[in-house]
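Q: Let me give you the structure first, and then I'll get to my questions.
The values are calculated or read from the model by the stated rules, or taken from the named source; none is laboratory data. These figures come from a predicted structure and were not determined experimentally. A quick note on method: Cβ atoms are made from the backbone with ideal geometry, for glycine too, and the neighbour counts reach across all protein chains shown. Just the protein is used for accessible areas: all its heavy atoms, side chains included, with ligands, DNA and RNA removed. Shrake-Rupley method; radii C 1.70, N 1.55, O 1.52, S 1.80 Å.
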Amino acid sequence: MLENIEVVRIKRFAANTAGRDFAVGDIHGHFTRLQAALDAAGFDPAVDRLFSVGDLVDRGPECRDVLGWLAKPWFHPVRGNHDDYVCRFDTCDVDNWVYNGGTWFAGLAWDEQREFAALFRELPIAIEVETPGGLAGIVHADCPFPSWDQLRAALEAPETAKQLRLTQNTCMWSRSRIELRDNEPIDGVRAVVVGHTPLPSPASLGNVIYIDTMGWRPQDGGYFTLLDLASLETIPPTPAKLSWD
Ligand SMILES: [Mn+2]
């Protein structure tokens with residue numbers, strides 16, 4: 001039964017000693033374009049890994065392809081707010097979801113909807129990856145605490161269901177750091193990689209790196225950014241400095 005699956009809310013990955021680790025921004029059903037970006041970077045599925053900040057589906061034309069991508073052993077996404085709609089498909093505000101790109105899901109058969117939801121409920125809220133330069137954290141939208149250790153504790157051992165809900169929702173939905181241009185770094189982690197807020201090029205606030213460069217919106221000049229988690233350099237290279245100034 002679905003209810004008995006043990007949910008892992010934060011997943012840890014040991015350093016990749018054989019290949020490279022990349023993070024990519026929101027995908028939104030554009031897997032052909034994502035594959036083209038990987039090809040351009042010489043991504044090697046035998047040794048390299050791709051971490052995703054989530055928002056795998058909605059808006060784009062290839063949402064169903066996510067099933068094939070979730071089966072790839074080198075593809076590791078966290079849960080974005082759009083992915084969370086899939087998890088809550090039987091209880092969420094469907095009109096709001098359809099308005100935000102969820103039409104593809106409404107067209108699926110009930111059994112398929114359940115299959116998607118079961119897979120998406122396994123997506124962690126946060127991922128941490130060991131790199132030669134220190135720990136890299138990944139969440140969809142933001143880290144709700146001044147330290148990564150606090151986030152880990154709040155996800156692994158929440159005090160109340162309400163506190164857990166608040167933590168998860170902030171991880172998946174918050175834009176307050178970017179709206180406030182909050183430069184305060186997050187302790188206990190080298191970098192926190194996020195998407196959720198579309199930008200013309202990657203940017204950083206403190207050690208929080210924003211990489212949703214709208215690969216899902218090519219008609220507006222969007223492209224996929226691959227962030228190398230060891231060097232914190234991007235493919236394609238980021239114009240000027242990786243920051244607001
Ligand atoms: Mn989002």
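Q: For Leu123, which of the numbered conditions (1) crowded, with 20+ Cβ neighbours inside 10 Å; (2) over 20 Å from the mean Cα position of the chain (by Cα) fails to hold?
A: Every listed condition holds for Leu123 apart from (2).
Q: When residues of the range 26-68 are filtered for being part of a loop (DSSP other than H, G, I, E, B), aliphatic (A, V, I, L, M) and either open to solvent by 30 Å² or more (accessible area, probe 1.4 Å) or free of Cβ contacts under 8 Å to residues at least 24 places away in the same chain (or both), how many remain?
A: Taking the range 26-68 as the starting set, the residues that turn out to be part of a loop (DSSP other than H, G, I, E, B) are 26-30, 41-48, 53-62.
Within this subset, residues satisfying the condition of being aliphatic (A, V, I, L, M) are 27, 41, 46-47, 53, 56-57.
Okay, now just the ones that are also either open to solvent by 30 Å² or more (accessible area, probe 1.4 Å) or free of Cβ contacts under 8 Å to residues at least 24 places away in the same chain (or both), so 46-47.
The number of residues fulfilling the criteria is 2.
Q: In this structure, is Gln168 in a helix (DSSP H, G or I), open to solvent by 60 Å² or more (accessible area, probe 1.4 Å) and not aromatic (Phe, Trp, Tyr)? If you could, list the steps in order and put the result at the bottom.
A: Numbers: in a helix (DSSP H, G or I): yes; open to solvent by 60 Å² or more (accessible area, probe 1.4 Å): no; not aromatic (Phe, Trp, Tyr): yes.
In short, no.
Q: Still on this structure: Given the residues Asp44, Asp21, Asp48, Asp58, which is the only one that is charged (D, E, K, R) and farther than 17 Å from Leu229 by Cβ? Before the answer, list the steps.
A: On the way: Asp44 fails: farther than 17 Å from Leu229 by Cβ; Asp21 fails: farther than 17 Å from Leu229 by Cβ; Asp48 fails: farther than 17 Å from Leu229 by Cβ.
So the residue among Asp44, Asp21, Asp48, Asp58 that is charged (D, E, K, R) and farther than 17 Å from Leu229 by Cβ is Asp58.
Q: Looking only at strands (runs of 3 or more DSSP E) that fall completely inside the range 69-165, which ones have 3 or more residues that are in contact (Cβ under 8 Å) with a residue 24 or more places away in the chain and away from the ligand (no atom under 16 Å from the Cβ)? Outline the logic, then answer.
A: On the way: elements: 75-77, 126-131, 134-138.
Output list reads 126-131, 134-138.
Q: Would you check which residues across the range 178-196 are within 16 Å of the ligand (Cβ to nearest atom) and open to solvent by less than 20 Å² (accessible area, probe 1.4 Å) and list them? Break it down stepwise before answering.
A: Kept after step one, since they are within 16 Å of the ligand (Cβ to nearest atom), are these residues of the range 178-196: 178-179, 192-196.
Within the range 178-196, Ile178, Val192, Val193, Val194, Gly195, His196 meet the criteria.
Q: Let me ask something else. Among the residues of the range 90-103, which ones are surrounded by fewer than 19 Cβ atoms within 10 Å (Cβ to Cβ) and in contact with a helix residue (DSSP H, G or I) (Cβ under 8 Å, 6 or more places away or on another chain)?
A: We begin by selecting, within the range 90-103, every residue surrounded by fewer than 19 Cβ atoms within 10 Å (Cβ to Cβ); these are 90-96, 98-100, 103.
Within the range 90-103, Asp90, Cys92, Val94, Val98, Asn100 meet the criteria.
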